[in-house]
Every structure is written in C-alpha cells, then in structure tokens.
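Below is one structure, written out as structure tokens; comments come after it.
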Amino acid sequence: MLDYKFLEALTAVIEEGGFDKASAKLNLTQSAVSQRIRNLEEQSGQVLIVRSVPPEPTEAGRKLIKHLRQVRLMEHELADETGLNHPDDFIIIPLGVNADSLATWLFDALDDFLHENRVLLDIYVDDENQTHELLKRGEVVGCIGTGSKQLKSCKREYLATIEYLCVCTDSFRDKWFKDGFTLKNVTKAPAAMFNRKDETQGQILNLAFPDTTITHPIFYVPSSESFIDVIRRGFAYGMVPEMQAQEDIDSGKLIELISNVRVSVPLYWQSWSVDTPLLNGLSKALVDYFKSTS
C-alpha cells in the first residue's frame with residue numbers, strides 16, 4: 001500500500017529541484033523529507049531518486065510521480081463535485097509546450113479556461129519535436145508538439161499546421177543574399193536557431209538544396225521573443241511562425257527571404273487518458289481555439 005506522504009516528498013523534491021526547497025514547501029525538515037523518500041525506496045525495493053544537482057527521478061520514480069499527479073487531478077475533481085475544496089484551492093497542471101506556441105497563441109486559447117477554473121500551469125518548455133518525451137516520462141499531464149504517434153495510455157488530437165517563414169531584414173538580404181538564396185551565400189550568412197534540437201532551419205535548407213550537407217554560421221537564441229528580435233536587428237535570418245512574423249512583414253520590418261518555400265509544422269495535443277472534467281476542458285479549449293480561427 002502506497003503512503004502518499006512519501007509520494008508527496010518524492011514529487012516535491014523533483015518539482016522544486018532540491019531537498020531544501022521541498023522541505024520548505026512541505027513544511028518539514030530536510031532530514032524528514034529524506035527519511036520519507038528512503039522509506040518509500042525501502043517499500044518499493046528500488047532507488048527512486050538520483051541524488052544529483054538537481055535531483056533526478058529514476059524510471060521507477062517517474063512512474064510513482066506520474067501516479068501521484070493523476071491522483072491529485074482526480075481528487076481535485078472529486079473534491080469540487082462534493083464541495084470539499086476550499087474556494088481558494090488551486091490545482092497545478094504540468095504542461096509541455098514548445099516555445100513558439102507559448103510565445104504566440106497558447107494563452108489566447110486558454111484565456112477563458114484559466115479564468116473559469118482554479119488552475120495554475122507548471123509549464124515545461126522544449127522543442128516541438130521533443131515535448132512528447134516529457135509526457136512519456138510522466139513529467140506533464142499533456143503536451144503540445146509535433147508527435148503524431150499516439151502515446152500509450154494517452155489521447156491525441158490534431159490542433160493545426162503552423163507555417164514557418166524564412167525571414168530577415170531588407171538590409172540583411174542586401175548584405176548576405178544580394179544575388180539570391182544560393183548555396184554559396186547560405187554557407188556564409190548567419191542563421192538564427194532556437195537550440196540544437198531546432199529542425200526548421202535544416203528543413204528549409206533541405207527543401208532549397210535537397211541531399212546537400214550544409215555548414216553555416218549559427219546564432220543560437222533559446223527564446224521565441226528574443227529569436228525574432230535578433231532577426232529584426234539584422235543579426236541573422238531565421239524561421240519564424242507566420243502568426244508571429246506577419247505584423248512585421250506587413251509593416252516592412254521583415255521580408256520573406258524565400259517567399260516560395262515554407263516549412264509546415266503540424267501541432268498535436270496529447271494528454272493522459274484520465275477522464276476528468278478539468279482535463280477534458282483543457283483539451284477542448286485548445287482544440288476549439290483553432291476551430292474558431294480557421
């Protein structure tokens with residue numbers, strides 16, 4: 001039989017990133033938190049946490065944390081239905097999101113949902129082709145990303161296809177691509193990339209120059225807001241979602257460097273197969289947003 005006080009201690013250490021912060025959250029001493037985790041490890045017969053900085057859960061630890069998060073969600077729903085929740089009680093929903101969605105449309109989609117429910121989001125940001133790993137590991141209850149394969153014990157819904165444009169300033173084009181988007185120019189011009197997992201830059205180059213390995217200068221910018229600012233300032237060119245770039249294109253601040261080639265990125269919402277009104281409401285808000293804007 002699981003002791004949920006022990007599970008709370010394990011989860012707090014991982015969510016807060018350390019034993020000291022977990023002890024403050026739980027109003028316990030660090031030694032008490034450590035003892036609860038040792039007791040849980042003795043019960044399970046497995047190591048549940050790697051004592052690194054920050055601490056990391058083992059595979060068994062992740063499964064227990066996922067279980068607790070699912071229980072929290074269902075208990076919150078039950079308490080709401082039975083009137084046992086205090087009016088000021090919040091439920092925290094861990095969510096995996098790609099940075100571009102976070103910077104552009106996410107809060108527009110969830111505006112009504114967040115105002116109508118006592119919900120706080122714990123947002124984990126990763127590249128759009130990596131967020132599903134957060135869901136697989138049980139770190140989040142749902143994720144927005146490009147993973148089209150439905151994960152085990154999860155629900156999947158298509159959201160939208162986002163068009164990425166290759167953009168830069170007029171002066172950047174005149175400096176680096178005066179005679180066109182040629183292979184020679186591409187190898188010399190600095191390109192902005194979100195991080196080393198970012199695939200959109202490679203996709204546009206593969207479309208423009210199929211079966212060609214290209215090495216070029218890279219300006220890494222792991223922030224969607226700063227990413228487009230780097231391009232606006234003429235430091236680099238890069239791939240930006242159409243909804244983020246359109247205003248700058250309309251005003252003349254940016255231009256499409258390759259207007260006839262775009263990268264289409266399909267987005268999906270995947271979440272635990274836990275049938276609760278709160279999670280169903282979150283899913284509906286995301287799906288309905290794109291239905292209303294299409």
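Here are some notes:
- Each residue of segment 234-240 is assigned a 3J(HN,Hα), and the resulting list reads x, 7, 6, 10, x, 9, 10 Hz, derived from the Karplus form 6.51 cos²θ - 1.76 cosθ + 1.60 (θ = phi - 60°), x at Gly and Pro.
- Take the Cβ atoms of LYS291 and LYS253, set R0 to 30 Å, and the FRET efficiency comes out at 0.45.
- Compared with the dominant principal axis of the Cα atoms in the chain, helix 30-44 is inclined by about 80°.
- Among MET193, MET239, MET74, the residue with the largest mean-square fluctuation in a Gaussian network model of the chain, with springs joining Cα atoms closer than 10 Å, is MET74.
- The alpha-carbon atoms of the chain define a convex hull whose volume equals 165 cubic angstrom per residue.
- Working note: Karplus 6.51/-1.76/1.60 with θ = phi - 60° gives segment 191-198 the couplings 10, 7, 9, 5, 7, 6, 8, 5 Hz, where Gly and Pro are set to x.
- Choice from ALA60, ALA109, ALA245 with maximal GNM fluctuation in the chain (Cα, 10 Å cutoff): ALA60
- Ligands, DNA and RNA are left out, and with a 1.4 angstrom probe the accessible area of segment 162-265 is 52 Å² per residue.
- Only DSSP H runs of four or more residues enter the estimate; each adds -39500 (n - 2.57), and after division by the residues of the chain the mean residue ellipticity at 222 nm equals -14000 deg cm²/dmol.
- Reported to the nearest whole Å, the Cα centre-to-centre distance from segment 216-243 to segment 28-68 is 40.
- Charge tally in the Cβ shell below 12 Å around ALA109, where Lys, Arg are +1 and Asp, Glu are -1, ALA109 excluded: -2
- Phi angles across segment 93-99 convert, under the Karplus curve 6.51 cos²θ - 1.76 cosθ + 1.60 with θ = phi - 60°, into 3J(HN,Hα) values of 10, x, 10, x, 9, 6, 4 Hz, Gly and Pro given as x.
- Modelled label reach - ILE214, point 7 Å along Cα→Cβ, segment 231-248 residues with backbone N closer than 12 Å: 237-239
The values are calculated or read from the model by the stated rules, or taken from the named source; none is laboratory data. Please read all numbers here as calculations on a predicted model, not as lab measurements. Glycine gets a Cβ as well: all are built from the backbone with ideal geometry, and neighbour counts include every protein chain shown. These accessible areas exclude ligands, DNA and RNA; they are computed on the full protein's heavy atoms, side chains included. Shrake-Rupley method; radii C 1.70, N 1.55, O 1.52, S 1.80 Å.
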